[in-house]
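A quick write-up on the structure given underneath.
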Amino acid sequence: MNTCKAALRIAWQHKLYLLIYMVGLGTLMLVMGSSAISSNDGSGSGVDSFQVATPRIAVINTDGGALGDGLRDYLAQTSTIVTLHDDAQSLQDAVARNDVDLIATIPAGYSSRFEEAAANGERPPTINTAVSYTSGKGSLTKIDVDGYFTQLRNTLSSGLRADMTSAVDYTVQQGARSDLRAGITVVQTKSQSGKSLSNGFGMVMKLSVYPLFTALTVCVSLLIGVFNSRETSRRITASPLRSFIFSGQQLLACLLIGLICWVLYSGATLALIAPHNPGFSALRPGEVALPVITQLVFTLVAIAFGYMLGQFRISTSAANGIAVALGLVLMFTSGAAFDPSVMPEVMVILGKLTPGWWFSVSVDQALGISTASHTGASLSGWFQALGLVAAFGFAFLCVGLAAGRFRTTHPGTMAPAVTQLTELG
């Protein structure tokens, strides 16, 4: 196990890469995902209350009777009453500055004309109203104004109340009993809560494609590259350690690094959804476990890709460039950053040629979201997509092992040119 320990020490000496790519980028992805989980949170009470916006109303009672005062009291149950001076300039300024949403003006002598029309069964005269040009609340409040006069006319014409004052009091009391301020209650069912949380959880898991792939590609390729340097390779070739044991210990060290990254990211993700999923009330254990397993398989794919790059002896800067570039390609073509329904067809075709697309599809199939929103969660669909993800990892590993075997069996093709000195004489 000396090779494995040496590999872990090398990785620890280059821990800055893990801090930058895994911790830094991983934290960024988690913050983005946490906002999605919070906005899609369906846990808690499951009840939200929609309150109607309160309009600002001014009642100008030029008539001076009980009818105008009753209108003010009636509207005060649902609106904010604004006091204005009864002059043209003040009223025009209030509308222009949007200080009020509605101005209702009761002209002089209106009470007597209204009472006469109610007694004769005629349509009552209208009042003057001015509605703000920037708000629809004033127009909606006119419905309450019309409702007040309709109830008042019915009260007078039916003989329920004989005089105007008692009829106004009765109408205002009826309005108070109807609870005009009652909010609209929205109840979210358990299935809706689970689906909302599934979308947020799935987004966090799919966003892990970028930090996991980038961090592990850089770290693993750097680690393998150190062992594949020419001086180190000569020493390893001269040692009695068999090549397959040496490669196995290298891969074991890479697996340990990958498992640490996977545990950190998946643990942080589960910690994010735990407050919104008490006792697995929204997401069942299986719905949580399958995406986590998918993430583990993708972690192995990233390790295999980094191992392949390391076997080709590319430089650290080249590995960084390849990892960052391909990581961005995977994130933007896999459906993690954008919903596949809004992606151009070219990006979808390109994405299907990468393991990132099938990683996202596997998560979707496990949770029944995005590409699987119409068909619902499917265990067979999850397994098939997961198999394609694993196939990419197996291909990367085979290419890496073949490159390493070729380098071992043909050392002269990769050996540096040296000057041969020849004795003369």
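Bear in mind these aren't lab numbers, they're just calculated from the coordinates by the rules spelled out. Not measured: the values here are computed from a predicted model. Positions of Cβ are generated from backbone atoms using ideal geometry, with glycine treated the same way; all protein chains shown enter the neighbour counts.
Of the chymotrypsin sites (Phe, Trp or Tyr not before Pro) found in region 122-170, those that fall in a DSSP loop while having at most 12 other beta-carbon atoms within 10 Å are TYR133.
Would you mind ranking GLU287, GLU122, GLU345 so that the residue whose beta carbon has the fewest other beta carbons within 10 Å leads the list? Show your work: numbers first, answer last.
Details: GLU287 20, GLU122 12, GLU345 7.
Result, fewest neighbours first: GLU345, GLU122, GLU287.
Remark: region 250-394 is approximated by an ellipsoid whose semi-axes, taken from the C-alpha gyration tensor as √(5λ), come to 27, 20, 14 Å, largest first. For region 56-180, the dipole from Cβ point charges (+1 on Lys and Arg, -1 on Asp and Glu) about the Cα centre works out to 300 debye, to the nearest 20. Listed by Cβ neighbour count within 10 Å, with the fewest neighbours leading, LEU28, LEU152, LEU84 appear as LEU28, LEU84, LEU152.
Counting every other Cβ atom within 10 Å of each residue's Cβ, PHE201, PHE392 order from fewest to most as PHE392, PHE201.
With both labels modelled 7 Å from their Cα along Cα-to-Cβ, the ASN2 to SER315 distance reads 3.3 nm. Three principal axis extents describe the C-alpha atoms of region 337-412; from largest down they are 57, 28, 15 Å. Across region 107-115, rounded Karplus estimates of 3J(HN,Hα) from the backbone phi angles (6.51 cos²θ - 1.76 cosθ + 1.60, θ = phi - 60°) give x, 5, x, 5, 4, 5, 5, 5, 5 Hz, Gly and Pro being marked x. Note on region 56-180: antiparallel DSSP beta bridges, both residues inside, total approximately 35 percent of the bridges counted. The base-10 log of I(q)/I(0) for region 56-180, evaluated at q = 0.11, 0.17, 0.22 Å⁻¹, reads -0.36, -0.84, -1.29 [Debye formula, identical scatterers on Cα atoms, solvent excluded].
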